[in-house]
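Student: One structure follows; several queries about it will come next.
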Amino acid sequence: MRSIALIFTIFLLLTTNVTAISKQTDSLTTLAGVTADIGLQADSWQVVVKEKMNREQLRGYIKKLQSKNDYISSSKADENSIKYLFEHRQNQTDITEHYQVVIPKNTAYKAEFIAVFSGDVWNNKTEKAYHSRIAHMKDTYFSKHAKTFACLTTTIDGKMDGVYFLDKLTETMNVKVSQTQKDTVETSQFEKIVYGHTPMLNEELMINNESMNVQMVLKNKGPDRTTLTIGTPILITEY
């Protein structure tokens, strides 16, 4: 889960030069479905929902979340902002919820509310619980202007060809590839990285006037173990 958390931590910081455009489907369900279609199983997953809001509204959210007995809460501050953090672990469904309120000290900037759903299991039970929880969460805290991002990681048996599954996923999702990277360094963990656009996913990033909404990373994790990570818009330098 550390790798996925890093992906989105970095993505959340890179908001200056991109514009998001939303459609109406659930990206995580799509990713899990196409992964299963090519014979792989999701190992870990994460969904991030974020929206800029006015400070008064978020103060109400802070009080509401602080009043929940089954939530772990904390706060921290730096020179730029005050952050309120909340965690809720649902043991019956293996879903963890994190909420973060970011209030910039500079009043010229809007505050932001971020919700993160994550898990290390994806099956019918988890999917049902996920849809129920995220629908309730969006209705409670977010408007139609919220942006949603998702990614998942799957493990490929070392005896199988990881590039085959990456290419199969690219074909299945009808990805228009805009960039491909292959690492030729023998000691590198990265095998192949693909950036592009697929009509199957929700959010899009406009980067240099080019639409991109998917990134796939094939990574060698050691003998007989390769991981394939796929997500809607993610910008990363390493996993």
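Student: For the range 134-179, which residues satisfy the criterion of being under 12 Å from Val194 (Cα atoms) and in contact (Cβ under 8 Å) with a residue 60 or more places away in the chain?
Tutor: If the condition is that a residue be under 12 Å from Val194 (Cα atoms) and in contact (Cβ under 8 Å) with a residue 60 or more places away in the chain, then Leu166, Leu169 are the ones that fit.
Student: While we're on this one: Would you point out which residue out of Ser118, Ser132, Ser73 is in contact with a strand residue (DSSP E or B) (Cβ under 7 Å, 6 or more places away or on another chain) and farther than 30 Å from Asp157 by Cα?
Tutor: After applying the criteria, what remains is Ser73.
Student: Here is a follow-up. Is it true that some residue in the range 155-164 is at pLDDT below 90 and in contact with a Gly (Cβ under 6 Å, 6 or more places away or on another chain)?
Tutor: Taking every residue of the range 155-164 in turn, at least one turns out to be at pLDDT below 90 and in contact with a Gly (Cβ under 6 Å, 6 or more places away or on another chain).
Student: Within the range 44-86, count every residue that is closer than 30 Å to Thr226 by Cα and surrounded by fewer than 17 Cβ atoms within 10 Å (Cβ to Cβ).
Tutor: Qualifying residue count for the region: 0.
Student: Out of (1) assigned to a helix (DSSP H, G or I); (2) modelled with pLDDT under 95, the odd one out for Ser178 is which?
Tutor: Here Ser178 clears every test but (1).
Student: Hey, any hits in the range 148-156 for a residue that's exposed (fewer than 13 other Cβ atoms within 10 Å of the Cβ), within 19 Å of Glu203 (Cβ to Cβ) and of a type in the set (A, V, I, L, M)?
Tutor: No, that holds for no residue.
Student: How many residues are within 17 Å of Arg59 (Cα to Cα) and surrounded by 12 or more Cβ atoms within 10 Å (Cβ to Cβ) when one looks only at the range 103-136?
Tutor: Total meeting the criteria: 9.
Student: Hey, does the range 106-121 have a residue that's of a type in the set (A, V, I, L, M), at pLDDT 90 or above and in contact with a Pro (Cβ under 7 Å, 6 or more places away or on another chain)?
Tutor: yes
Student: Which condition from (1) modelled with pLDDT of 95 or more; (2) in contact with a Phe, Trp or Tyr (Cβ under 7 Å, 6 or more places away or on another chain) is the one that Tyr84 breaks?
Tutor: Answer for Tyr84: the failing condition is (2).
The values are calculated or read from the model by the stated rules, or taken from the named source; none is laboratory data. Values in this document were obtained by computation on a predicted structure and should not be read as measured data. All Cβ positions, even for glycine, are placed from backbone atoms using ideal geometry, and neighbour counts span all protein chains on display.
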